[in-house]
1. Lys70 - would you say it is buried (at least 16 other Cβ atoms within 10 Å of the Cβ), in contact with a strand residue (DSSP E or B) (Cβ under 8 Å, 6 or more places away or on another chain) and closer than 15 Å to Tyr6 by Cβ?
2. Among Trp38, Trp26, which is without any contact (Cβ under 8 Å) to a residue 24 or more places away in the chain, of a type in the set (A, V, I, L, M, F, W, C), surrounded by fewer than 19 Cβ atoms within 10 Å (Cβ to Cβ) and not in a helix (DSSP H, G or I)?
3. Where the second residue is modelled with pLDDT under 95 and open to solvent by 70 Å² or more (accessible area, probe 1.4 Å) and the first is at positive phi and small (Gly, Ala, Ser) and lies in region 1-23, which pairs have Cβ atoms under 8 Å and are six or more apart or on separate chains?
4. Determine if region 55-67 includes at least one residue that is open to solvent by 20 Å² or more (accessible area, probe 1.4 Å), out of contact with any Ser or Thr (no Cβ under 7 Å at 6 or more places or on another chain) and closer than 22 Å to Met1 by Cβ.
5. Condition (residue is part of a strand (DSSP E or B) and of a type in the set (D, E, K, R)) applied to region 75-84: is it met by at least one residue?
Amino acid sequence: MNPDVYYIDFDVEEVSLKINSIMSRWSAHLLKITGQKWQVLNHDDEIIYECHFFIDFKNLEGRIKLEDLKLNVIHHIESLRDDTIYIDNMIIPDLLY
């Protein structure tokens, strides 16, 4: 599976809808946010969707967009009222990515 790649000009609403659609599937169990790498895993801990955001965390606009996206997706996950969960570690050192 090739991950989707996004840059600073990504549309928050468009990406939110895409991830929310995937998270609404019965097979999706976990959204794992590790810096700029986001993964959706199923109940067997297999990656069913992955996206990478190539955004410099020093860029305020980019960080705001990522934070907006994260809040949109987390709000959706919490509204599902099932066992779907998320792990959020948005800011990590560049060396770990």
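1. Here the answer is yes, as Lys70 does meet what is asked.
2. Trp26
3. none
4. No, because not a single residue in region 55-67 is open to solvent by 20 Å² or more (accessible area, probe 1.4 Å), out of contact with any Ser or Thr (no Cβ under 7 Å at 6 or more places or on another chain) and closer than 22 Å to Met1 by Cβ.
5. No, because not a single residue in region 75-84 is part of a strand (DSSP E or B) and of a type in the set (D, E, K, R).
The values are calculated or read from the model by the stated rules, or taken from the named source; none is laboratory data. The model shown is predicted, which means the values in this text are computed figures rather than measured ones. Neighbour counts are summed over all protein chains in view; Cβ atoms, including those assigned to glycine, are modelled from backbone coordinates with ideal geometry. Each accessible area value is taken on the protein alone, full model and side chains, heavy atoms only, with ligands, DNA and RNA left out. Shrake-Rupley method; radii C 1.70, N 1.55, O 1.52, S 1.80 Å.
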